[in-house]
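Accompanying notes for the structure given below.
The values are calculated or read from the model by the stated rules, or taken from the named source; none is laboratory data. Because the structure is a prediction, the values reported are computed rather than measured. Cβ placement follows ideal geometry from the backbone for every residue including glycine, while neighbour counts extend to all protein chains displayed.
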Amino acid sequence: MRVYISADLEGVAGVVSPAQLVSGPAYEEARRWMTAEVAAAVRGAQRAGARQVVVNDAHEAMTNLRLEDLPPGVEVISGKPKALGMMCAIDAGWDLAFLTGCHARQGSGGLLSHSYSASTIARLCLNGREVGELGLNISLALACNVPVGLVTGDAAAVAEALELFPGLRTVAVKTAYGRQAARTLTPGEACSRIEAAAGEAVAAPCQSDEIRHWQPQPPYTLAVDFASPVMADAVSYMPLTRRESPCRITMEQAELPALFRAFQAMLTIAGAVAR
């Protein structure tokens, strides 16, 4: 059993403020909690028989995990830029994928909610269905024939995942009382629940007929609503894009990984214009 983990930070227990996301003492504490939750998922997978576990550090600069605090035998994909970003190295060679520390999409009521970039992305739709990071990342795993065994994060993120993919195994570690306030489990309790769920996911993975996947079919169309028309101006220079409104750009591709890579380029271009 080979297990792939994509690890974000906003959906980790105890994380409620932007001050905990980038740098400084609050961030150093938050990255310890992030590492502890990832370590719990790794331990659960390993104890249930996973032979290989690889973790993709998927938040901001993607150098958040404290490697010395992870269990023996795990490998980490660190740094950016990297192809497929939050889902770097996902392909058909994996038996199972976990997504940890997840948050809800931009415009939702979730804690610290956004879709890849709060400053540039207002809305994403994949094949006509509104998605955030979770919807797009899970769809990419499924397009690579990798089942998703576990999603952890705040309650809004869990609800978003279950709306699209009923039957997923999930762990909600906190409930939003606003975009920057929550009732949260302690890090220790969150880790206990995540470790148990990860072990269950590996020991008894859900069968395909147990999860009614929303699984978009090719060709794949991604519609991106940017925060301002100038961002859409710049992105519209990319080949194969179509301008549908002052802020909306769409692109169609036969393969979802190719569309995902193009979306990474859109983010980079829009971010450069925003500065």
- Going by the conditions given, is R47 buried (at least 19 other Cβ atoms within 10 Å of the Cβ), touching a residue at least 60 places away in the same chain (Cβ under 8 Å) and more than 23 Å from L136 (Cα to Cα)? no
- Note on the structure: (1) within 17 Å of the chain's Cα centre (by Cα); (2) assigned to a strand (DSSP E or B) all hold for E75 apart from (1)
- Selection within region 238-269 - part of a loop (DSSP other than H, G, I, E, B), touching a residue at least 24 places away in the same chain (Cβ under 8 Å) and surrounded by fewer than 18 Cβ atoms within 10 Å (Cβ to Cβ): M238, A254, E255
- Query: Pick from L168, L164, L136: which is among the aliphatic types (A, V, I, L, M), outside the structural domain of A270 (by TED's automatic domain parsing) and in contact with a Gly (Cβ under 7 Å, 6 or more places away or on another chain)?
  - Reply: L164
- Kindly indicate which of A141, A89, A97 is part of a helix (DSSP H, G or I) and in contact with a strand residue (DSSP E or B) (Cβ under 7 Å, 6 or more places away or on another chain). A141
- Task: Please go through region 140-165 and pick out each residue that is over 11 Å from the mean Cα position of the chain (by Cα) and closer than 15 Å to F263 by Cβ.
- Result: A143
- Item | Lone qualifier among G44, G24, G11, G73 - being touching a helix residue (DSSP H, G or I) at 6+ places or on another chain (Cβ under 9 Å) and under 25 Å from R179 (Cβ atoms) | G11
- Query: In this structure, is T63 under 17 Å from the mean Cα position of the chain (by Cα), among the β-branched types (V, I, T) and crowded, with 20+ Cβ neighbours inside 10 Å?
  - Reply: no
- Filtering region 157-172 down to residues that are out of contact with any strand residue (DSSP E or B) (no Cβ under 6 Å at 6 or more places or on another chain) and buried (at least 18 other Cβ atoms within 10 Å of the Cβ), which residue is nearest to S192 (Cα to Cα)? A172
